[in-house]
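Note sheet for the following structure.
The values are calculated or read from the model by the stated rules, or taken from the named source; none is laboratory data. For clarity, every value in this text was computed on a predicted model and none was experimentally measured. In this analysis, Cβ positions are derived from the backbone assuming ideal geometry, glycine residues included, and neighbour counts consider all displayed protein chains. The protein model used for the area step is the full one, side chains on, heavy atoms only, and it has no ligands, DNA or RNA in it. Shrake-Rupley method; radii C 1.70, N 1.55, O 1.52, S 1.80 Å.
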Amino acid sequence: MQTKVISLFDNIWQDYLSLTPSAKSICELLGSGNDVINDHVAYRTFNHDKLNIEKLASQLLALGYKECGQYTFEQKKLVAKHYEHQDSTLPKVFISELLVEEFSEEVQAIINRIVNSISPASISADNFLFSGRTWKLSSDDYNTLLKESEYAAWLAVWGYRANHFTVSINHLDNFETIETVNQTLKDAGYKLNSNGGEIKGDKALMLEQSSTMADSIEVDFTDKTLLIPSCFYEFARRYPMANGVLYSGFVAASADKIFESTNKSN
Ligand code: NI
């Protein structure tokens, strides 16, 4: 089982790097060439029975993951859960889902067309979590989604793959604080997400997070090619709870701002 779960995350990482070239160089910069431990990997989906949070998580549960926390993002019309493995070197997995029924009929129709195009067999296949987009999309549909939900537009373009990986600062040899990580990234020319401040959370919340703004990749729509934000890289430092164990949950107010790392940056 261990080999299987490691190989799954290897595949997810390779797929993510193909859309996030900055992550490879940042990983080398922060890890000084050593392996970097991931705090978590994040997924986006729709709340359709066919591929909601539980569906995506079923493959993880079979590999030893357990559900550990639930979160609500009212303004973005999302809910989320996070999953942990008893092997703490394996990343936590944060899966959110869009509450599709809360959007306009126009948006729902586009989403339903996408969901209907995905076969149940492909959802249960071993490669689903790094299968990407398997449907056609027009730039008009993308822009219709974008007007109501950046999240929906991102998911429609990129499909089922990691939205971001997250470096565990606690496990880095050469960095202690999130401030020094951020400064090192900015000095190297990377753009950080400053929505809500560069550092989300604090020691009192037991979790500090920052992230790059997503890379941009050319996407072929049915009618044209456009440069679209792909995936970003996140950085997390965790603090111990009263019992001395590192806090392993998430902070909804911080995650809310991290979602905005895939907004188009100027
Ligand atoms: Ni995250």
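Hey, what's the per residue convex hull volume over the C-alpha atoms of segment 181-266, in cubic angstrom? Numbers along the way, then the final one.
Numbers: hull volume 9.5 nm³, N = 86.
Taking the convex hull of the Cα positions in segment 181-266, it is 111 Å³ per residue.
Ordering ASP15, ASP220 by accessible area with a probe of 1.4 Å, largest first, what comes out? Spell out each step's value before the answer.
Details: ASP15 25, ASP220 110 Å².
If we order ASP15, ASP220 from most to least accessible, we get ASP220, ASP15.
Convex hull volume per residue, computed on the Cα atoms of segment 80-161, equals 107 Å³. For ILE37, the amide hydrogen comes within under 5 Å of the amide hydrogens of SER168, counting only partners 5 or more places away or on other chains and with H modelled in the peptide plane. Between amide H atoms placed 1.01 Å from N, distances below 5 Å from ILE217 occur with ILE228, SER230, all of them 5 or more places distant or on a separate chain. If R₀ is 45 angstrom, what is the calculated FRET efficiency for the pair LYS264 and GLN2, using the beta carbon separation as r and rounding to 0.05? The pair LYS264/GLN2 has a calculated efficiency of 0.70.
Peptide packing for 150-156, 183-189, 109-115 was compared via the average number of neighbouring C-beta atoms within 10 Å per residue; ordered from the highest value, the list is 150-156, 109-115, 183-189. Across every direction, the projection of the convex hull enclosing the Cα atoms of segment 157-209 has a mean area of 5.3 nm².
Its Kirkwood hydrodynamic radius, worked out from the mean inverse distance over all distinct Cα pairs, puts segment 126-244 at 16.4 Å.
A convex hull fitted to the Cα coordinates of the chain yields 124 cubic angstrom per residue. Close amide H contacts of LEU192 (hydrogens built in the peptide plane, cut-off under 5 Å, sequence separation of 5 or more or a different chain): MET213. Modelled spin labels at LYS66 and SER119, positioned 7 Å past Cα toward Cβ, are 3.7 nm from each other. Sorting LYS264, LYS257 on solvent-accessible area from highest to lowest, probe radius 1.4 Å, gives LYS264, LYS257. Heavy-atom accessible area with a 1.4 Å probe sorts HIS171, HIS48, largest first, into HIS171, HIS48. Residue by residue, segment 122-139 carries 3J(HN,Hα) couplings of 6, 5, 8, 6, 4, 9, 4, 6, 9, 8, x, 8, 10, 10, 8, 9, 8, 5 Hz when phi is fed to the Karplus relation 6.51 cos²θ - 1.76 cosθ + 1.60 (θ = phi - 60°); x denotes Gly or Pro.
Write down Rg/Rh for segment 23-68, rounded to two decimals, with Rg from the C-alpha atoms and Rh from the Kirkwood relation over Cα pairs.
Rounded to two decimals, Rg/Rh equals 1.16.
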